[in-house]
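Asks: This is the structure I want to talk about, given as structure tokens.
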Amino acid sequence: MKVKNEVFMNPPRAVFFDIDRTLYDHRRDFVSPASLAAIAALRTRGIVPAIATGRGYAALPPRIAQLVAAGEMDLVISCNGQYNRYGARVLSEHPLPVADIASLIAAFRARDWEYTFVSEHHMAAGRSRGSSHRMLQGYPCYTVAPDYYREHAVHQLVVLAPETEEAALLAILAEHGGRYRAVRSHASAVDVFHADGSKARGIRDACAALGFTPQETLAFGDGLNDVEMFAAVGCAVAMGDACEALKAVATHVTGTLEEDGIARALVDLGVLAARDVGL
């Protein structure tokens, strides 16, 4: 494991895991047995294993949702820190104002961009056709409801705006007074939420509620929406196939998901023993 900074408060009070390509591979519906062993070992040591994801709470992959439902991972930072729970307790949430949603989606429709409302319970598409519908219709939480935002708290919008139209998207957000930001989760999709929102905000909210500081925690990630999280925590571990921008701000770089990067990093950092994770 490549290391940039040897200073680390050990043991951490909590360990935050990004989901996609960090803890979980959606293409194979796979979580490494070593990662599962690590989660169990953290709990045994009184360390909180937590999720920190851009996904909506209702859109957690079934394998991850099962861990949450079983109490193996009680703390969930979702929607890029806009909806955060510890067990059945909502620690904080930051919904988008109805009037601003109406204005934003009108601008998106004018450019024929598809969009999806993300809430605690659903991913609700604005129309029953197109790429969003094809990608999401297999999710149990998926529905089609053009006026969903009028009756439900919406924490995030997912907009199918291609990279080639990035300037137009930023112009739309600028017209809304800089109150919102876009974080690209895919070449053709962005998450839109509060300008001060991030996984880091959710982590700060959670730590304040649970009685410790972000500096007493550790985080794993691989994407651009993990940058602020890495700046907030005491120790930041980038996966081996993380984007270069994230590796540049990480304190440590570990192996990939397939190489049991999570388990190996926790052992290398002295948080767990090799026997705890079967290495």
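Asks: Scan the stretch 2-32 residue by residue and report those that are modelled with pLDDT under 80, part of a loop (DSSP other than H, G, I, E, B) and touching a strand residue (DSSP E or B) at 6+ places or on another chain (Cβ under 6 Å).
Replies: Within the stretch 2-32, just PHE8 meets the criteria.
Asks: What are the residue pairs meeting all of these: first residue in the stretch 132-152, first residue in contact (Cβ under 8 Å) with a residue 12 or more places away in the chain, second residue part of a loop (DSSP other than H, G, I, E, B), Cβ atoms under 6 Å, and 6 or more apart or on different chains?
Replies: Note: pairs meeting the criteria are SER132/GLU114; CYS141/HIS122; THR143/HIS122; VAL144/SER128; PRO146/GLY126; HIS152/SER119.
Asks: Quick check on VAL271: is it of a type in the set (Val, Ile, Thr) and assigned by TED's automatic domain parsing to the domain that holds ILE47? Show your work before the answer.
Replies: Working: of a type in the set (Val, Ile, Thr): yes; assigned by TED's automatic domain parsing to the domain that holds ILE47: yes.
Taking the combined requirement at face value, the residue satisfies it.
Asks: Filter the stretch 141-196 for residues that are within 17 Å of LEU96 (Cβ to Cβ), assigned to a helix (DSSP H, G or I) and among the hydroxyl-bearing types (Ser, Thr, Tyr) and give the result.
Replies: Those that are within 17 Å of LEU96 (Cβ to Cβ), assigned to a helix (DSSP H, G or I) and among the hydroxyl-bearing types (Ser, Thr, Tyr): TYR148, TYR149.
Asks: Of the residues TYR24, TYR57, which single one is more than 27 Å from TYR180 (Cα to Cα), crowded, with 17+ Cβ neighbours inside 10 Å and aromatic (Phe, Trp, Tyr)? Steps first, answer last, please.
Replies: On the way: TYR57 fails: more than 27 Å from TYR180 (Cα to Cα).
Result: TYR24 is the single residue among TYR24, TYR57 that is more than 27 Å from TYR180 (Cα to Cα), crowded, with 17+ Cβ neighbours inside 10 Å and aromatic (Phe, Trp, Tyr).
Per-residue answers, yes or no, for (1) closer than 23 Å to MET135 by Cα; (2) in contact (Cβ under 8 Å) with a residue 40 or more places away in the chain; (3) not aliphatic (A, V, I, L, M):
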| residue | (1), (2), (3) |
| --- | --- |
| HIS26 | yes, no, yes |
| PRO49 | no, no, yes |
| GLN66 | yes, no, yes |
| ALA69 | no, no, no |
| SER78 | yes, yes, yes |
| ALA88 | no, no, no |
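The values are calculated or read from the model by the stated rules, or taken from the named source; none is laboratory data. Everything quoted here is computed from the prediction, not taken from an experiment. Backbone-built Cβ (ideal geometry, glycine too); neighbour counts: all protein chains shown.
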